[in-house]
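J.: Quick one: this structure, given as structure tokens, is what I'll be asking you about.
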Amino acid sequence: MEALADSKERCEQIVFDRPDALTSRGYTYCPGCGHGTIHRLVAELIDEFGLKDRTVGMASVGCSVFSYWFFDCDFISCAHGRAMANATGVKRAHPDAFVFTYQGDGDLASIGMAETIHAANRGELITVIFVNNAIYGMTGGQMAPTTLENMVTTTSPLGRDPLLVGHPIRVVEMLSLLEGVAFAARASVSSAKNTLKAKALMKKAFRAQLEKKGFGIIEILSNCNTNWNKSPIEANEWIDAEMVKVFPLGVYKDVFAGEKGKKDE
Ligand SMILES: Cc1ncc(C[n+]2csc(CCOP(=O)(O)OP(=O)(O)O)c2C)c(N)n1
């Protein structure tokens, strides 16, 4: 009896558990990297909307190439930049599926930029999770379209020179101008508070698809402490101090704006 009471008490103390939509496999990400947190947010929403059995995720190349190990749902591993093209095909063939892409900035805004713009412009009913760490993480920290001005990377050892290679691309601002986009926002997982906000915005990117409003994208600023050569804490502080100046957090297009009684920021 005592043991039962003891175990009940311990059960009641569980305040944090693994979402059903995540497998128990350990992450391959560097300690402190934001991908793990963002995976969790996506999985929590899959659970909350009850979507697990009809979800198809699209893994991009990059550090999140193994997303299919971590999400307990169907997944397709896509060639560099082609996640939204794959997502379009799956969604059109299976309109009842919940289809999301999970892409880094190198994947989405470099090789995949054409797919990105046209999928958004067509208003594909897909949800895009865009992880912006301002760098190509997996391949050793090369410059990405989102690398900040003067930022040192392995391919810009003297800092990114906009005169030579252009300015950082603000993806959600750009996409928000397109008719087919129902929801476009930028969030960050640099702190617990920002992570909670990120989830509220991500929820709307889910709803854009579920309620057939149009294309939904959430850009999430995330650290790459390894290639930025910083500790995880320093890297998150750098997001809050520097990255948000170039990539301001906020909502850029919101088909749900003005909904009565709903506040998400
Ligand atoms: C067609 C193709 N070109 C290039 C590569 C090499 N490649 C693998 S991962 C990667 C960088 C991905 O960076 P990003 O999308 O920013 O994701 P992160 O690793 O930072 O999460 C590149 C260039 C590839 N796998 N396939």
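The values are calculated or read from the model by the stated rules, or taken from the named source; none is laboratory data. Quantities reported herein were computed from a predicted structural model and do not represent experimental measurements. Reconstructed Cβ throughout: ideal geometry from the backbone, glycine too, with neighbour counts over all protein chains shown. For accessibility, only protein heavy atoms count, side chains too; no ligands or nucleic acids. Shrake-Rupley method; radii C 1.70, N 1.55, O 1.52, S 1.80 Å.
J.: Restricting the search to segment 33-50, which residues are open to solvent by less than 20 Å² (accessible area, probe 1.4 Å) and in contact with a Pro (Cβ under 7 Å, 6 or more places away or on another chain)?
T.: Correct list: 43 only.
J.: Taking strands (runs of 3 or more DSSP E) that do not extend beyond segment 51-117, which have at least 2 residues that are open to solvent by 20 Å² or more (accessible area, probe 1.4 Å)?
T.: Answer list for segment 51-117: 74-77.
J.: Against the condition within 16 Å of the ligand (Cβ to nearest atom), within 22 Å of residue 38 (Cα to Cα) and open to solvent by 30 Å² or more (accessible area, probe 1.4 Å), how does residue 138 come out, does it pass?
T.: The answer is yes for residue 138.
J.: Just checking: which of the strands (runs of 3 or more DSSP E) contained wholly in segment 166-265 hold 1 or more residues that are open to solvent by 10 Å² or more (accessible area, probe 1.4 Å) and either of a type in the set (Ser, Thr, Tyr) or out of contact with any helix residue (DSSP H, G or I) (no Cβ under 7 Å at 6 or more places or on another chain) (or both)?
T.: 250-254
J.: What are the pairs with Cβ atoms under 8 angstrom where one residue, in segment 44-63, is free of Cβ contacts under 8 Å to residues at least 60 places away in the same chain and the other, located anywhere, is within 13 Å of the ligand (Cβ to nearest atom) and open to solvent by 50 Å² or more (accessible area, probe 1.4 Å)? Sequence gap at least six, or different chains.
T.: 59/66; 59/77; 60/80
J.: If a residue must be near the ligand (Cβ under 7 Å from one of its atoms) and either under 22 Å from residue 207 (Cβ atoms) or modelled with pLDDT under 95 (or both), how many such residues does segment 79-107 contain?
T.: Going through segment 79-107 one residue at a time, the tally reaches 1.
J.: Follow-up. Give the residue that is modelled with the lowest pLDDT, with candidates limited to residues of segment 238-258 that are closer than 16 Å to residue 172 by Cβ and among the small types (Gly, Ala, Ser).
T.: 257
J.: When you go through 77, 60, 64 one by one, which is the residue that is more than 17 Å from residue 125 (Cα to Cα) and touching a Phe, Trp or Tyr at 6+ places or on another chain (Cβ under 6 Å)?
T.: 64
J.: Here's another thing I want to ask about it. Against the condition within 16 Å of the ligand (Cβ to nearest atom) and open to solvent by less than 20 Å² (accessible area, probe 1.4 Å), how does residue 154 come out, does it pass?
T.: Here the answer is no, as residue 154 does not meet what is asked.
J.: Would you point out the residue of segment 118-135, among those that are more than 9 Å from the ligand (Cβ to nearest atom) and of a type in the set (A, V, I, L, M), that is most open to solvent (accessible area, probe 1.4 Å)?
T.: The selected residue is 125.
J.: Tell me yes or no: at least one residue of segment 17-29 is more than 22 Å from residue 236 (Cβ to Cβ) and modelled with pLDDT under 85.
T.: No, the conditions are met nowhere in segment 17-29.
J.: For residue 226, indicate whether it is within 24 Å of residue 35 (Cα to Cα), in contact (Cβ under 8 Å) with a residue 24 or more places away in the chain and more than 20 Å from the chain's Cα centre (by Cα).
T.: In short, no.
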